[in-house]
Amino acid sequence: MIKRIEIIPIAYKKSKRRGIKREWIDDAITNPEQMVEGYGNRKVAHKKLLLGDKEYLLRVVYEETEEIYIIVTAYLTSQIDRYWKEENE
C-alpha cells in the first residue's frame, strides 16, 4: 500500500515561501538519502539538492501513521555538515 503524503497548511505555506517544490518534498519522503530521528515521534528525511552551483540539504520533518505521512515542516539549509549523520557516528 502506498502511503499518502499530506502537508499541514502552515508547512505548505512556509515551503512555498521558501521556494521548495511539492515534488521535492514527495521525493524526500519516498526516496530519502538519509533518515534521522527528530524530536518526539517525528522523523526527518534528508535529500541533497544542487540549486544553481550550490549544494543544499532539504530537511523534511514528518510524523507517520499506517496510511499517511504528515509533513510538519520542510526547509533548505546550506549547513549540510551540521545535520548530515555520517555512518560511523
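How high is the relative contact order of the range 4-83, in percent, counting Cα pairs under 8 Å that sit 6 or more residues apart?
RCO, the range 4-83: 33 percent.
Can you give me the long-range amide H partners of Y69? Hydrogens built in the peptide plane at 1.01 Å from N, cutoff under 5 Å, separation of 5 or more residues or another chain.
Amide H to amide H, under 5 Å and 5 or more residues apart or across chains, Y69 pairs with R4, I5, E6.
With θ set to phi - 60°, apply the Karplus curve 6.51 cos²θ - 1.76 cosθ + 1.60 along the range 63-77 and write out the HN-Hα couplings as whole Hz, x wherever there is a Gly or Pro.
10, 10, 10, 5, 10, 8, 9, 10, 7, 8, 6, 8, 8, 9, 9
Under the rule of at least 5 residues apart or a separate chain, name every residue whose amide H is placed under 5 Å from the amide H of Q34.
Residues meeting the criterion, in which the H sits 1.01 Å from N, are H46.
Which chymotrypsin sites (Phe, Trp or Tyr not before Pro) does the chain hold that lie in a coil by DSSP with at most 16 other beta carbons within 10 Å?
Taking the chain and a limit of 16 other Cβ atoms within 10 Å, the loop chymotrypsin sites (Phe, Trp or Tyr not before Pro) found are Y39, W84.
Hey, what do the phi angles of the range 7-15 turn into as Karplus ³J(HN,Hα) couplings, whole Hz, using 6.51/-1.76/1.60 and θ = phi - 60°, x for Gly and Pro?
Taking θ as phi minus 60°, the curve returns 9, 5, x, 5, 5, 5, 4, 5, 5 Hz for the range 7-15.
In nanometres, what is the gap between the two model label sites at E6 and K54, each 7 Å from Cα along Cα-to-Cβ?
Those two pseudo-labels are separated by 3.5 nm.
Please work out how many pairs of lysine residues in the chain are eight or more positions apart (or on different chains) and have Cα atoms closer than 16 angstrom.
Close lysine pairs under the 16 Å cut-off: 7.
Any idea what the relative contact order of the range 35-74 is, in percent, if you count C-alpha pairs under 8 Å spaced at least 6 apart?
30
Here, each number is a calculation from the coordinates, and none is a lab measurement. Values in this document were obtained by computation on a predicted structure and should not be read as measured data. Here the Cβ is made from the backbone with ideal geometry for all residues, glycine too, and neighbour counts use every protein chain on show.
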